[in-house]
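Reading through the structure tokens given below for one structure.
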Amino acid sequence: MDYTPYPRHHVLCIDMRSFYASVECMKRGLDPQKALLAVVGDPDRSGSIVLAASPALKKKHGISNVSRYFELPKDPNLVIANAHMGDYLTISLEITKLMLRFVPKEAIHVYSVDEVWVTVDGLERLHGSPYQIAQKIQASIREQFGIESVIGIGDNKFLAKVVMDIHAKKNSQGISECRYEDVSDLLWPIPVEKVWGIGSRLMTHLNRMGIITLGNLANYSKSILKKRFGVIGEQLYWHAWGIDLSPVTGNFTKTEQKGYGHGVTLLRDYTKDEIYACILDLCEEACRRARKDEKEGKTIHLSISYASEYGGGFSRSISIDVPTNDTWEMYQVCLQLFDRFYEEGCHIRKASVTLTNLTDECGTQLSLFEKRDQHKQLYQAIDQVRERFGSTSLLRASSYTSGGIALDRGKKIGGHFE
């Protein structure tokens, strides 16, 4: 591969190690590298998932982020911590602000609450080489927050991310670098399922084609990959060669909204009668966000997953003639979908709704038979009250029934209590 036409940058991918667990350790005055601490979504439920485990807990007992509360060892030194999403978001924001000591804000791309890309082009005279900058960032995060981090360095975001995932996390220094010329040695021997962006389903398809490693993928026919997987197949090919043309600087906080959705994994199985209140609460939140952005949608999706003993579910959509962000209109369409595709007698464990096919909100279309303008004014008033006094300050009566979810979720951030 001739890499001459492709851009070369100095991109760092920074990951906070065991971030949730590290924050909880620091709050308790514990050493995140030595303490045995697990962050659990809801300790009152034995099946609750372990959201994070400290490095020592992972090493000593093999606990991972897919373990369940009941699987935790009976170790007298084990500390169980409730998840506090508000604290994690606050620390994440402060770490992002710390990056401004090294780079301007347009060079920072926050990927998740514990991961960020930073482009350090042209900073050699100020801070040294990319490796030296990575060391300084590591030291600053450790000194200010007591949190360890691992960093990948590459010519683009993909290389920085993948070398961080695969090599930096195993490196004693917590820093690894991969340039175009290093791809064949550092990345090609890696199984495809360990590469960022390749999930278990895609791995199965690739393995059936004889593609086991990233090197196999790089040396496969690009045209066949594209024919089999479409544009994703072509992207897989270029990534296997370490090529990624996504921007490394810019306004990464501004993204085009494709739809407004809201979903929930229920804490227990819901009956048919209970799910109606849940769907209404989901529609309320999706439409509230659409109204806030002055958007309307013509396509309404409903997805339902049944409890494990029943299995399956359905995901269906309907497009309507006039775009809407009216909660009740969206709810009525969701009821049509539910009544049509629901399998009688099945209990429900997951539900989600989405409003897509968006357009800018325009003047209300008048009708002799509908009071759309009155509804619009009503929702504006409701949204203003909730904006000022909180999301649970004004709720429908159905939200207080056994099937309602708005009251409980209003107390949480990211699905977990603050």
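Checking each residue in the stretch 203-230 for being in contact with a Phe, Trp or Tyr (Cβ under 7 Å, 6 or more places away or on another chain) and surrounded by fewer than 17 Cβ atoms within 10 Å (Cβ to Cβ) picks out only 222. Within the stretch 64-71, is even one residue under 23 Å from residue 172 (Cα atoms) and at pLDDT below 90? Yes: one or more hits. For the stretch 168-192, the tally of residues that are more than 20 Å from residue 139 (Cβ to Cβ) and either modelled with pLDDT of 95 or more or touching a strand residue (DSSP E or B) at 6+ places or on another chain (Cβ under 7 Å) (or both) stands at 15.
Candidates are the residues of the stretch 315-337 that are touching a strand residue (DSSP E or B) at 6+ places or on another chain (Cβ under 6 Å) and open to solvent by less than 30 Å² (accessible area, probe 1.4 Å); the one that is farthest from residue 278 (Cα to Cα) is 323.
Scanning the stretch 192-216 for residues that are among the basic types (Lys, Arg) and either within 20 Å of residue 159 (Cα to Cα) or not in a helix (DSSP H, G or I) (or both) yields a single hit, 194.
When the residues of the stretch 68-93 are filtered to those that are among the aromatic types (Phe, Trp, Tyr) and open to solvent by less than 70 Å² (accessible area, probe 1.4 Å), the one that is nearest to residue 32 (Cα to Cα) is 88.
Of all residue pairs spaced 6 or more apart or on separate chains, those with beta-carbon atoms under 7 Å, a first member in the stretch 12-41 that is on the phi < 0 side of the Ramachandran plot and among the polar types (S, T, N, Q) and a second member that is outside any loop (DSSP other than H, G, I, E, B) and modelled with pLDDT under 95 are 33/55; 33/56. Among the residues of the stretch 81-93, is any among the aliphatic types (A, V, I, L, M) and in contact with a Lys or Arg (Cβ under 6 Å, 6 or more places away or on another chain)? No: zero hits. Against the numbered list (1) within 30 Å of residue 182 (Cβ to Cβ); (2) among the hydroxyl-bearing types (Ser, Thr, Tyr); (3) in contact with a helix residue (DSSP H, G or I) (Cβ under 6 Å, 6 or more places away or on another chain), residue 260 comes up short only at (1). Given the criteria open to solvent by 40 Å² or more (accessible area, probe 1.4 Å), touching a residue at least 60 places away in the same chain (Cβ under 8 Å) and closer than 23 Å to residue 56 by Cα, does residue 143 qualify? So residue 143 fails the test. With respect to the conditions (1) in contact (Cβ under 8 Å) with a residue 40 or more places away in the chain; (2) within 25 Å of the chain's Cα centre (by Cα); (3) not in a helix (DSSP H, G or I), residue 50 lacks only one, and its number is (1). Number of residues in the stretch 21-67 that are of a type in the set (A, V, I, L, M), in contact with a strand residue (DSSP E or B) (Cβ under 9 Å, 6 or more places away or on another chain), open to solvent by 20 Å² or more (accessible area, probe 1.4 Å) and within 21 Å of residue 86 (Cβ to Cβ): the value is 3. For the stretch 159-187, the set of residues classified as farther than 19 Å from residue 248 by Cα and open to solvent by less than 10 Å² (accessible area, probe 1.4 Å) consists of 168, 174, 175, 183, 187, listed by residue number. Filtering the stretch 407-418 for residues that are within 26 Å of residue 272 (Cα to Cα), open to solvent by less than 30 Å² (accessible area, probe 1.4 Å) and either modelled with pLDDT of 75 or more or in a strand (DSSP E or B) (or both) leaves an empty set. With respect to (1) surrounded by fewer than 17 Cβ atoms within 10 Å (Cβ to Cβ); (2) in contact with a Phe, Trp or Tyr (Cβ under 8 Å, 6 or more places away or on another chain), the lone exception for residue 348 is condition (1). Looking only at residues in the stretch 18-41 that are of a type in the set (Ser, Thr, Tyr) and in contact with a helix residue (DSSP H, G or I) (Cβ under 7 Å, 6 or more places away or on another chain), the one that is farthest from residue 59 (Cα to Cα) is 20.
The values are calculated or read from the model by the stated rules, or taken from the named source; none is laboratory data. Everything numeric here is computed off the predicted structure, so don't read it as measured data. Please note: Cβ atoms are built from the backbone with ideal geometry, for glycine as well, and neighbour counts cover all protein chains shown. Ligands, DNA and RNA are excluded from the accessible area calculation, which covers all protein heavy atoms including side chains. Shrake-Rupley method; radii C 1.70, N 1.55, O 1.52, S 1.80 Å.
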